[in-house]
Amino acid sequence: MATVSGASFYDEIGNNYGANAKNMLKDYANNTRKIGNMISRKAFLIRCRRRGVFPAHFSNNFRFTYPLLEENGPFPNMVQKCIRKFMKSILNIEIKHTFYKIRTLQSKLASLTASIRSSDIPGPIKASFFESQERFNEMNVQARTNRTKRKFRSIITRNLQPAANEELPTINSKAIHNGTQVAVPPETEVLLSLGPKFALPITTADSVPFYHLLADVEQIIKTNPDVAVQDRNRCAIANVVTNYIHGSRNRPGPVDPVSKFCENAQAITRRFLKENPNVFVVKSDKGNKTVLIEAEDYKNKMMELLQDQTTYVPIPRDPTSRYERQNNNLVRRLKNLKIIDDKTARMLTKYNAVCPRIYGQPKAHKPGLPLRPVVPNVTAPSYNLSKFIGQVMQQSLVSKYNIKDSFSFCQFINNITLPGDHVLVSLDVKSLFTSIPKSLAINSIIMRWDEIRPNTNICLDLFLEIVEFCIDASYFRFDGQHYQQIFGTAMGNPLSPAIADWVMETLLDTVVRMLKIPLPFLRKFVDDLVTAIPLHQLDHVMETFNSYDIHIQFTYELEVDNKLPFLDMLLIRQDNQKIATQWYQKPIASGRFLNFHSYHPLGQKLNMAINFARRVNQLTTNLDQQAKMQIVDEQLKLNDYPKPLRHRIANRMNERSNDENQQEILEYTYRRIPFIPHLSNKIDRVLQRDYNNIRLAKYNVRSARDYFTKVKDPVPPEQQTNVIYAIPCCHCEAMYVGMTTNRLKTRIHGHQTHYNTMDKLLERGIDVEDQEMIALGEKTALMHHSITKQHRFDLDRTKILDKNENTNTLQFLEMCHIVNNTNCINRRTDTEGLHAIYAGILHEVRNVNKTRKRNDTQTRMNQNTLTPQQQHSR
């Protein structure tokens, strides 16, 4: 018999048994082929849905939405959500449609089968036909399935290969510097090159900081005095959060390619850092790079810095308490002299200071990776007082030389015409802050006191005493040893920039008078200067600048090919001696900014990209529009922004924001909440109904910073402040939860004092029902439990549960921990401030935490039952 798919077979059937028989067989063959195609298509679409990817014909048809994604306001998030939701819906409809087509074709095939069997076609021909069609159907399904599998693998490969497309973060080789001999896995290299601000996905509900989310929301709700409005918003937000928790139980883990990549990269990075504890991951001093450095090398370089006996000296003990007393005495004097009010005095007074920790940032652009020392002074005793005095000095300075920002400097320099024999030159002070002698700072203040006096009621002698104290109180700790900075001002001290500004202002006034030539212009930004001079006067200019003070020495850079880099611009001296400008980044710069795949709110990423494009456009005056667009495109491409979006942003960089809208934005109050996908935006919409004057600034919960090494000396738990703590009972499962804004050891000392009092009362034979003992038990729930149950709490096993710098937030967090701790013995009055509406959410959160603990326990049990070989393979 001829092949059933051949024309001669159907012609023979038509000739012998009629056209109707011929058409029935042809229809049967076509339906068989279509069913095979639909079966393979069904499997392909279901596989796509399970893996969270979409066929190419889906994603290729949404480019028209990019203009909407560029707009400010709530619409980008709405568009992105609609696109994802629409694509999921269409995929589901396509799958349902495929099932429907299969059922329809199968019904039609069954009808054709019955018709063929009852036709006049001989039985052997019919049997042979059905057998050949069955074989053909199997072959067709197999071929189509192989095609769809290749297609599916192509989609997955395109989504999972970071360097091959725009679907995943790509490696920025300039953004990471490996200063070790250790080979870094590619996934780890990509993750670390994205920088510490790259936000990581939250894939499970137990990763969400619900307590902090509710605490932040509660602070917003309380800004409206109307109790009915407060309760209405609490109910709405409680409903949103509860629905999120319920939905998360059925929500699969990471499904989109970026989430999967991040989860995989994190696992590999954790394993890499665990296997290489001698590798430190830190941020560079300049260039916005990630640097990997040997731990021993880092410590040796830090010790080399601290061995500079002219700047630092080791001291035998922590001077925090002494400086705290001196700071508070100065504040008390200011208050007694009626110079500051009670509120300012409370702000400047310090009772919970912690010794600052120094750390070093590698200079990745220099051989040997030397370190720049940084001392964050936020926890220092004198921080608030230094900030207060620094603000007075900054407000008093009316500078002839300071640059406000790049935009104002661009407008200024574009209107300058240089004399014919002048060239551009920039000057830079070597380590300005740490090179300023205290005597020079004091002299600058005395010389310019007439400019400072109108802005403060403090007399000169007391002002100088405070400044000297703030400079002298520069100390820190490294590797368990305390050091005093005996020369210069500290990087990280809020007074240092103000002192540097005044010293440089005085220096420039003096130097300009000493120079033998007039300068056509002179501008400075902190320690960077730019001017123009005759080339033959270069030696004279440098001698004059460097003669002002032996400690403050300048280096210079001359223009090359009529071009001079300054700040983020390239100054270009043209043939007519006018100066054009061009946006510029130094060769050491990584070009890294907020990556498009970072799990930040979409609006933040778009605003950053649009503002960058406008910056390039406004700072570049020597290039045409096409060249500017190319600069923008290259930088956005480096940070994984999609091509259509890059082009849209580049095309619109001439547009400026509406001044009226800008003014309106400035009238908003900004409040912070954590950014949780699928949740934070819903909370935002709820609050906008009654709190339309408040805008939410969303911060990320998890970021690549988690994998950067904490190189600063850790603060011991007993030294930490603004914490919520738990103390377990030695004799039962009871737990006491407390809060303190002071050092934890101070609060523990208070509990120990109560125990000492109880012991003395017991030694005197005082009964637990005596009034003295009852009064002691009323002080805290801890003492009440200890006295009534005759138990003791293990103060040495005190554990920190949470911490927050805001006192109101801390109180809310304490109540959350008390409510959700089933063994807590705190009094009912300790949670009176927690609204009853939150009870349901806290119950749900407790269940989420229980599930996490149960899963962790099960995982550990499973690991304990595995053989070493199985554990290694896992």
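The values are calculated or read from the model by the stated rules, or taken from the named source; none is laboratory data. Keep in mind that this is a model prediction, so the values were computed, not measured. Note: ideal-geometry Cβ built from the backbone for every residue, glycine included; neighbour counts use all protein chains shown. These area figures cover heavy atoms from the full protein model, side chains too; ligands, DNA and RNA do not enter into them. Shrake-Rupley method; radii C 1.70, N 1.55, O 1.52, S 1.80 Å.
Brief remarks on what is shown
- Distance between the stretch 709-752 and the stretch 378-419 - C-alpha centres, whole angstrom: 42
- Each peptide in 133-141, 435-443 was scored by the mean count of other Cβ atoms within 10 Å over its residues; highest first, the order is 435-443, 133-141.
- Share of carbon and sulfur in the accessible heavy-atom surface of the stretch 679-807 [1.4 Å probe, %]: 46
- For the peptides 822-830, 385-393, the ranking by mean Cβ contacts within 10 Å, running from highest to lowest, is 385-393, 822-830.
- Which labelled figure in (i) 272; (ii) 324; (iii) 197 is volume of the Cα convex hull per residue in Å³, once derived from the coordinates: (i)
- The distance between label points at K299 and D341 comes to 5.2 nm (points 7 Å beyond Cα on the Cα→Cβ vector).
- Amide H contacts of I486 (H built 1.01 Å from N, under 5 Å, at least 5 apart or other chain): Y312, V313
- Charge dipole of the stretch 666-723 (Cα centre as origin; +1 on each Lys and Arg Cβ, -1 on each Asp and Glu Cβ, all else neutral): 260 debye, rounded to the nearest 20.
- Gain on full extension, evaluated as 0.36 nm per residue between E733 and R84 minus their Cα-Cα distance, stands at 228.8 nm.
- Here each label is just a point 7 Å from Cα along the line to Cβ, and for A697 and D561 those points are 4.2 nm apart.
- Estimated vicinal HN-Hα couplings, Hz - the stretch 335-349 in sequence order (Karplus 6.51, -1.76, 1.60; Gly, Pro = x): 5, 5, 7, 6, 7, 10, 8, 4, 4, 5, 4, 5, 5, 7, 6
- With all protein chains modelled, accessible area of H551 [1.4 Å, Å²]: 90
- Where the chain is the region considered: accessible area per residue in Å², 1.4 Å probe: 51
- Pair-distance distribution P(r) for the stretch 691-731, from all Cα-Cα distances in 5 Å bins starting at 0: 5, 10, 11, 13, 19, 15, 10, 10, 5, 1, 0 percent.
- Averaging the Cα positions of each part gives two centres, and for the stretch 211-240 and the stretch 78-121 these lie 48 Å apart.
- Taking the Cα centre of the stretch 400-513 as reference, the dipole from Cβ charges on Lys and Arg (+1) and Asp and Glu (-1) amounts to some 120 debye.
- Set of lysines near K760 by C-alpha distance (under 25 Å), chain-local residues within fewer than 8 positions excluded: K745, K779, K789
- Cβ-Cβ distance of A183 and S207, R₀ of 30 Å, FRET efficiency by 1/(1 + (r/R0)^6): the value works out to about 0.50.
- Computed from Cα atoms, the angle from the helix 460-472 axis to the main principal axis of the chain rounds to 50 degrees.
- Taking amide H as placed 1.01 Å from N in the peptide plane, F521 has its amide H under 5 Å from the amide H of A532, each at least 5 places away in sequence or on another chain.
- The lysines within cross-link reach of K578, meaning a Cα-to-Cα straight distance under 16 Å and a gap of 8 or more places when in the same chain, are K563.
- When only the Cβ of Lys, Arg, Asp and Glu is charged (+1, +1, -1, -1), the dipole of the chain relative to its Cα centre reaches about 3880 debye.
- Once the Cα-Cα distance is subtracted from the 0.36 nm per residue extended length, the T753 to M608 segment shows a gain of 46.8 nm.
- Translational D in µm²/s for the stretch 573-710 (Stokes-Einstein at 4 °C, 1.567 mPa s, Kirkwood Rh from C-alpha pairs): 73
- Ranked packing of 281-293, 785-797, most packed first, by mean Cβ within 10 Å: 281-293, 785-797
- Projecting the Cα atoms of M139, Y312, I245 onto the charge dipole of the chain (Cβ charges, centred on the Cα centre) puts M139 farthest toward the positive pole.
- For the stretch 215-318, the gyration tensor built on C-alpha atoms gives an oblate shape. Its axis ratio a/c (a ≥ b ≥ c) is at least 1.5, and a/b is not larger than b/c.
- Taking the C-alpha atoms only, the angle from helix 257-275 to the longest principal axis of the chain is near 50 degrees.
- Per residue of the chain, the DSSP helices (runs of n ≥ 4 H) give a summed -39500 (n - 2.57) that works out to -17000 deg cm²/dmol at 222 nm.
- Note, ³J(HN,Hα) from phi for the stretch 697-714, Karplus 6.51, -1.76, 1.60, rounded to Hz, x at Gly and Pro: 9, 8, 10, 8, 7, 10, 8, 5, 4, 4, 9, 8, 6, 7, 7, 6, 4, x
- Considering only L91, T753, A498, the residue lying farthest towards the positive end of the dipole of the chain is L91, judged by Cα position with unit charges set on Cβ.
- Close amide H pairs (under 5 Å, H built 1.01 Å from N) link F793 with C730, residues at least 5 positions away or on another chain.
- Pair Q553, K286: separation of 7 Å Cα→Cβ label points (nm): 1.7
- Cα point-scatterer Debye curve for the stretch 304-408, base-10 log of I(q)/I(0) at q = 0.13, 0.19 Å⁻¹: -0.75, -1.06
- By definition, a body whose alpha carbon gyration tensor gives a ≥ b ≥ c is oblate when a/c is 1.5 or more and a/b is not larger than b/c, and the stretch 437-559 fits this oblate description.
- Potential lengthening between R828 and F521 on full extension [0.36 nm per residue; Cα-Cα distance subtracted]: 103.5 nm
- Solvent-accessible area, 1.4 Å probe, carbon plus sulfur percent, for the stretch 279-422: 50
- In the chain, a dipole from Cβ-located charges (positive for Lys and Arg, negative for Asp and Glu) runs towards its positive end, and of I466, N455, Q630 it is Q630 whose Cα lies farthest in that direction.
- Straight-distance crosslink candidates among lysines, where the alpha carbon sits under 28 Å from K335 and sequence neighbours closer than 8 are dropped: K343, K350, K387, K438
- On Cα atoms only, tilt of 839-865 relative to the major axis of the chain in degrees: 80
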